């Protein structure tokens with residue numbers, strides 16, 4: 001290519017691109033061009049409240065566009081139509097972008113970026129900032145705002161506590177005055193450097209005022225029946241704890257006990273005498289020392305509880321009802337008002353104790369009652385009932401004496417009897433007048449009420465009772481009819497209780513029996529069925545004789561009929577000519593409606609199975625069956641191991657036509673064919689066809705052995721599944737604990753060292769090899785690490801490492817790996833420095849086997865075991881806090897290591913404390929609160945807080 005051709009080609013490529021750029025640049029001028037503005041002190045000029053963004057655009061923007069911002073904090077500060085932004089409303093310093101968009105042929109945009117310096121607010125150090133000492137969340141922003149309308153400090157500044165004691169209680173812009181306590185605290189609010197705009201800071205002096213404390217209340221509860229003579233001059237202050245002493249007491253309208261604001265003693269006995277009972281309140285009020293805190297009030301309660309005093313009664317009870325009524329009489333209504341109460345009672349007897357809570361009603365007529373659960377009362381023993389409580393609103397000193405009562409359950413059992421038989425009677429739990437189970441002879445009077453209503457009175461003389469029980473018979477001569485009788489008994493000289501001793505019995509007439517029979521002419525191919533009935537004549541009721549023919553395949557009733565008569569003989573035929581080929585059952589039933597339970601056979605039924613052209617269905621079986629020999633360890637499989645399903649009894653033959661049935665215990669032969677038929681149990685007919693089954697006896701090869709003695713670490717928790725790598729097979733492998741038989745092991749079963757495990761081959765999840773391959777694993781066990789002590793004392797100035805921990809090991813038969821966690825993690829290198837107070841964990845390790853014991857032993861490190869004289873410990877006698885970077889702080893070298901619990905206090909010559917230090921704050925910067933301590937002599941008090949080292953005090957010189 002020639003030079004001229006090359007130049008022409010370049011011009012053809014570049015010239016259109018230049019034209020495009022020129023066109024785009026021309027259109028972009030309608031929105032102007034990007035520009036940046038820096039405003040460091042927005043608060044110094046009120047004009048910044050109406051800052052015109054349009055005037056800051058570069059180029060030649062055209063009006064009519066719209067402004068936008070992506071910062072939600074600036075959204076309401078910007079007028080999107082005019083481009084006027086109120087920078088005083090932009091409360092975060094930093095970079096702020098505002099986009100101008102205009103449409104002039106196409107949509108164009110330009111961005112004005114304002115680098116906005118921070119406004120930290122205004123100093124507040126004139127003592128006007130107050131907070132109450134019970135406020136856990138004081139917002140410090142509320143104290144540094146400017147009074148100029150619309151001027152607010154930035155929100156992205158940083159609060160710092162200048163007063164060291166305030167630092168732990170400052171979180172962002174919230175100060176926990178409640179935890180810090182009363183005092184004056186200095187804080188600064190700093191906004192950061194933004195571009196060329198410097199950082200700015202204001203100071204806040206916050207005085208936390210002591211809150212009022214009206215104390216913690218307790219209560220006093222007494223009974224209206226108590227001796228209150230010791231409460232006639234009761235000090236209400238005894239019901240308060242931790243209260244300010246400058247408070248005053250007040251009372252409600254009903255007590256009239258306090259004479260003036262200085263009075264705090266009351267007469268509780270007088271309150272009781274006036275009101276008898278009730279709850280009475282007294283309030284202790286404390287005013288704060290500063291208006292920023294609230295008035296505190298604490299109310300105490302004095303409760304005078306009512307008391308139940310009266311008489312409780314109860315008769316002896318019978319066992320029949322679900323509830324027993326307990327009555328209260330002559331209760332003193334001056335001590336407790338009528339109404340409903342929640343009563344708790346207890347029942348005590350020789351059989352134990354029980355109780356519950358129920359409702360007690362006290363009536364205006366000084367009577368009351370409540371019910372107790374009969375299921376809680378033991379029968380036939382003396383029971384004592386006590387009221388234990390009437391709830392929290394009634395005094396626990398219930399002045400009602402316990403009562404005693406007895407619940408008995410005398411029983412009579414009369415046996416149902418058939419007509420013409422004597423009637424057996426048994427009496428149970430019969431007591432004599434001394435409430436002892438009756439022993440000896442007693443007359444028993446009884447009344448018999450017949451079904452017709454006729455009553456007859458009788459006596460059984462000299463019946464012998466033993467431990468409250470007796471048995472005798474009522475002669476059948478006293479029974480004149482059949483049906484249900486009522487029997488009532490009374491034992492002469494028995495226990496005085498209004499209990500009914502009664503029972504009922506049914507006397508039943510004995511009926512004659514009915515006879516049924518069914519005759520089928522041919523069970524395999526029936527053509528006729530006879531039904532024969534022979535029944536005694538009934539004087540009451542009828543026989544209902546039904547018969548039906550049911551298909552055994554569908555359970556459908558195909559023939560049925562019902563015959564009703566009062567007795568005699570009958571012979572009728574069932575026509576089965578319409579039945580199709582199949583198996584059937586004929587059933588004949590007799591049911592009689594005379595409701596006589598003494599009948600020998602009340603309902604009678606006979607059944608007979610038969611068939612029409614009855615040939616059983618062929619047996620069903622897989623034509624080729626594989627039988628696994630491993631399942632037969634003691635003998636070979638037999639005919640009964642062939643899987644076949646059939647209706648009825650199965651029979652095996654050598655050939656399809658052979659008539660000799662093979663014994664069921666005939667051993668199977670590999671590759672042999674067997675022929676099977678069956679007999680239908682419903683008609684005893686054998687099928688004429690037979691099915692053929694071929695037998696294959698299978699025994700897969702056992703697995704090939706690779707590793708007969710594999711090794712594992714006990715810490716890896718090896719399981720049976722891990723043994724698969726020791727053998728090989730083209731089929732599945734199943735493991736056992738025994739060489740033959742047994743149950744297959746779960747693959748997650750843990751391995752035991754030196755134990756034999758046996759692998760069998762399994763084909764298709766069905767057949768296993770009869771021979772098994774033995775594998776004996778070795779599982780290496782390793783003892784856990786053993787340490788001589790649990791705490792190791794060293795000196796941190798020696799910079800001890802993990803290697804120093806080896807002194808604690810007691811067993812040299814294994815190595816030790818060290819960790820800083822009780823589980824997991826990675827071993828620590830020997831050159832890792834130890835940390836005081838840290839717990840390290842030893843794990844035993846055998847490098848020969850690569851096994852470890854994951855059980856770790858803990859040891860805690862104490863790096864304060866330093867003798868001061870061995871490490872040149874000394875206390876400086878002066879320092880020069882002049883900011884030159886040399887000796888600007890007073891501190892004691894290495895004290896936080898040798899004496900980690902030390903405390904240090906600096907005092908001036910007047911005894912005023914200027915500084916308190918410890919491990920977290922060991923150095924004094926020469927400050928006196930918020931001011932600067934002058935040159936001169938100061939005093940220190942140093943408490944080592946370590947056994948064997950007494951506190952010391954001395955002087956130091958401050959020279960700036």
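The values are calculated or read from the model by the stated rules, or taken from the named source; none is laboratory data. Note that the structure is a prediction, hence the values are computed from the model and not measured. FYI the Cβ positions are ideal-geometry reconstructions off the backbone, even for glycines, and counts take in every protein chain you see.
Table for the structure above
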item	result
Subset of the stretch 613-624 [at pLDDT 85 or above and surrounded by 18 or more Cβ atoms within 10 Å (Cβ to Cβ)]	619, 621
Top-ranked residue of the stretch 266-303 - restricted to ones that are under 27 Å from residue 334 (Cα atoms) and surrounded by fewer than 16 Cβ atoms within 10 Å (Cβ to Cβ), ranked as nearest to the chain's Cα centre (by Cα)	301
Residue 453 being loosely packed, with under 13 Cβ neighbours inside 10 Å, closer than 25 Å to residue 598 by Cα, touching a helix residue (DSSP H, G or I) at 6+ places or on another chain (Cβ under 7 Å) and modelled with pLDDT under 95	no
Test for residue 817: is it part of a loop (DSSP other than H, G, I, E, B) and surrounded by 12 or more Cβ atoms within 10 Å (Cβ to Cβ)	no
Qualifying positions in the stretch 830-855 - part of a loop (DSSP other than H, G, I, E, B) and either modelled with pLDDT of 90 or more or closer than 25 Å to residue 797 by Cβ (or both)	830, 831, 832, 834, 835, 836, 837, 838
Matching strands (runs of 3 or more DSSP E) fully within the stretch 709-767 where at least 1 residues are under 26 Å from residue 783 (Cβ atoms)	711-713, 757-763
Unique match (being at pLDDT 95 or above, in contact with a strand residue (DSSP E or B) (Cβ under 9 Å, 6 or more places away or on another chain) and either outside the structural domain of residue 86 (by TED's automatic domain parsing) or outside any loop (DSSP other than H, G, I, E, B) (or both)) among 226, 160, 244	160
Residues of the stretch 857-877 that turn out to be assigned to a loop (DSSP other than H, G, I, E, B), modelled with pLDDT under 90 and touching a strand residue (DSSP E or B) at 6+ places or on another chain (Cβ under 9 Å), as a count	4
Residue that is in contact with a helix residue (DSSP H, G or I) (Cβ under 6 Å, 6 or more places away or on another chain) and part of a loop (DSSP other than H, G, I, E, B), where the choices are 134, 126	134
Options 530, 486, 521; residue that is within 30 Å of residue 681 (Cα to Cα) and modelled with pLDDT of 85 or more	530
Residue list for the stretch 376-391, restricted to those being under 21 Å from residue 435 (Cα atoms) and not in a loop (DSSP other than H, G, I, E, B)	376, 382, 383, 384, 385
Test for residue 185: is it at pLDDT 95 or above, more than 17 Å from residue 42 (Cα to Cα), buried (at least 21 other Cβ atoms within 10 Å of the Cβ) and in contact with a strand residue (DSSP E or B) (Cβ under 7 Å, 6 or more places away or on another chain)	yes
Filter result (under 45 Å from the mean Cα position of the chain (by Cα), surrounded by 16 or more Cβ atoms within 10 Å (Cβ to Cβ) and part of a strand (DSSP E or B)) within the stretch 209-223	217, 220, 222, 223
Residues satisfying the stated conditions in the stretch 687-715, i.e. exposed (fewer than 15 other Cβ atoms within 10 Å of the Cβ) and more than 14 Å from residue 760 (Cβ to Cβ)	688, 689, 692, 694, 696, 706, 707, 708, 709, 711
Subset tally (residues that are touching a helix residue (DSSP H, G or I) at 6+ places or on another chain (Cβ under 8 Å), buried (at least 18 other Cβ atoms within 10 Å of the Cβ) and assigned to a helix (DSSP H, G or I)) for the stretch 789-814	1
Filter pass, residue 112 being modelled with pLDDT of 95 or more and under 50 Å from the mean Cα position of the chain (by Cα)	no
Number of the condition not met by residue 569 [criteria: (1) closer than 22 Å to residue 683 by Cβ; (2) surrounded by fewer than 15 Cβ atoms within 10 Å (Cβ to Cβ)]	(1)
Matching residues in the stretch 410-432 - criterion: being modelled with pLDDT under 85 and either out of contact with any strand residue (DSSP E or B) (no Cβ under 7 Å at 6 or more places or on another chain) or not assigned by TED's automatic domain parsing to the domain that holds residue 484 (or both)	432
Matching residues in the stretch 533-555 - criterion: being part of a loop (DSSP other than H, G, I, E, B) and farther than 18 Å from residue 683 by Cα	536, 537, 538, 539, 540, 541, 542
Some residue of the stretch 911-921 being touching a helix residue (DSSP H, G or I) at 6+ places or on another chain (Cβ under 7 Å) and under 25 Å from residue 835 (Cβ atoms)	yes
Number of positions in the stretch 637-667 that are in a loop (DSSP other than H, G, I, E, B) and either touching a helix residue (DSSP H, G or I) at 6+ places or on another chain (Cβ under 7 Å) or exposed (fewer than 13 other Cβ atoms within 10 Å of the Cβ) (or both)	13
Members of the stretch 28-74 that are under 60 Å from the mean Cα position of the chain (by Cα) and part of a helix (DSSP H, G or I)	42, 43, 49, 72, 73, 74
Exclusive hit being in contact with a strand residue (DSSP E or B) (Cβ under 8 Å, 6 or more places away or on another chain) and not in a loop (DSSP other than H, G, I, E, B), set 407, 394	407
Given (1) at pLDDT 95 or above; (2) surrounded by fewer than 14 Cβ atoms within 10 Å (Cβ to Cβ), index of the condition residue 175 fails	(2)
Breaking point among (1) farther than 14 Å from residue 531 by Cα; (2) at pLDDT 85 or above; (3) in the same structural domain as residue 519 (by TED's automatic domain parsing), for residue 593	(2)
Residue 498 at pLDDT below 85, in contact with a strand residue (DSSP E or B) (Cβ under 9 Å, 6 or more places away or on another chain), surrounded by fewer than 19 Cβ atoms within 10 Å (Cβ to Cβ) and not assigned by TED's automatic domain parsing to the domain that holds residue 581	yes
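So that you can scan it fast, the table gives a plain yes or no per residue for (1) surrounded by fewer than 17 Cβ atoms within 10 Å (Cβ to Cβ); (2) within 30 Å of residue 163 (Cβ to Cβ); (3) touching a residue at least 12 places away in the same chain (Cβ under 8 Å); (4) more than 45 Å from the chain's Cα centre (by Cα):
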site	(1), (2), (3), (4)
832	yes, no, yes, no
838	yes, no, yes, no
855	yes, no, yes, no
865	yes, no, yes, yes
873	no, no, yes, yes
876	yes, yes, yes, yes
881	no, yes, yes, yes
885	yes, yes, no, yes
